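Quick notes on the structure that follows.
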Amino acid sequence: MTRTTTLTPSTNPSPARRALRRPLLVLATAAVALPALLPLGGCALAIGGAALSVPMLLTDRRTSGTQVEDEGIEFKALARVREAAGDRGHVNVTSYNRLVLVTGEVPAEADREAVGKAVGRIENVASVVNELAVAGNSSIGNRSNDALITSRVKASYVDAKDLQANAIKVVTERSVVFLMGRVTEREAARAAEIARSVTGVQKVVRVFEMLTEEDLAKLR
């Protein structure tokens with residue numbers, strides 16, 4: 001089963017985005033890895049960020065400034081989620097090109113709505129896709145299985161000869177795979193097809209920003 005959420009590319013970057021565009025060497029030198037999982041009392045907030053290496057900066061389909069901006073959005077979400085949900089629930093926030101995906105579990109619909117609104121108010125966030133489930137927190141076993149599924153999907157993308165593996169961000173929650181990135185319709189369909197074939201995947205949700213083939217040629 002596949003569901004799709006798409007955005008068209010933004011043509012008017014904010015002043016903050018323009019200000020963040022700096023030489024690659026500076027970014028590579030100053031990059032700091034953010035922790036993969038930070039506890040908030042009984043509530044855990046995972047962020048999708050990682051250190052910005054030179055190869056990733058050179059091949060990522062976002063500008064270097066936007067990559068840093070996405071890291072900042074994920075980091076700011078730490079405080080915003082705590083304010084909205086306190087120590088209730090388990091929340092994951094992943095930002096790609098200012099499109100923010102929120103996944104995990106919270107105990108009530110009011111918490112779900114509060115978290116989504118809080119994340120949406122973070123500076124430079126273009127859009128929020130709120131996929132929080134109203135449910136009990138997933139177990140450590142569930143999260144370990146999700147990490148394994150993510151690894152399998154990523155490995156399958158590396159093996160595929162018709163995809164640029166690092167153009168697609170993979171997030172797995174309760175065996176549901178969310179796919180993010182700036183891709184063409186051809187790439188989106190292929191990525192979803194591969195993810196669906198991976199052992200353990202129950203559903204694939206496409207949260208892509210769509211590009212034309214002409215847009216992709218210009219990026220390359």
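Each value in this text was obtained by applying a stated rule to the coordinates, not by laboratory testing. Keep in mind the model is a prediction, meaning the values are calculated, not measured. Note that each Cβ is placed from the backbone with ideal geometry, even for glycine, and that neighbours are counted across all protein chains shown.
Assorted remarks:
- Note on A165 and D87: the model spin-label points, each 7 Å out from Cα along the C-beta direction, lie 4.1 nm apart.
- For I168, distant residues with modelled amide H under 5 Å away: none
- Taking a quarter of the surface of the Cα convex hull of the range 57-154 gives a mean projected area of 6.7 nm².
- Separation of alpha-carbon centers, the range 116-189 and the range 89-105, rounded to whole Å: 9 Å
- Think of each Lys and Arg Cβ as +1 and each Asp and Glu Cβ as -1; about the Cα centre, that makes the dipole of the range 87-220 roughly 240 debye.
- With the cut-off at under 11 Å, measuring from each backbone N in the range 159-182 to a point 7 Å along the Cα-to-Cβ line of N142 picks out 173-176.
- Rounded to the nearest 20, the Cβ-based charge dipole of the range 69-122 about its Cα centre (Lys and Arg +1, Asp and Glu -1) stands at 160 debye.
- Take the Cα of V134, step 7 Å toward its Cβ, do the same at E113, and the gap between the two points is 0.9 nm.
- Surrounding net charge for L219, when Lys and Arg each add one and Asp and Glu each subtract one, Cβ distance under 14 Å: -1
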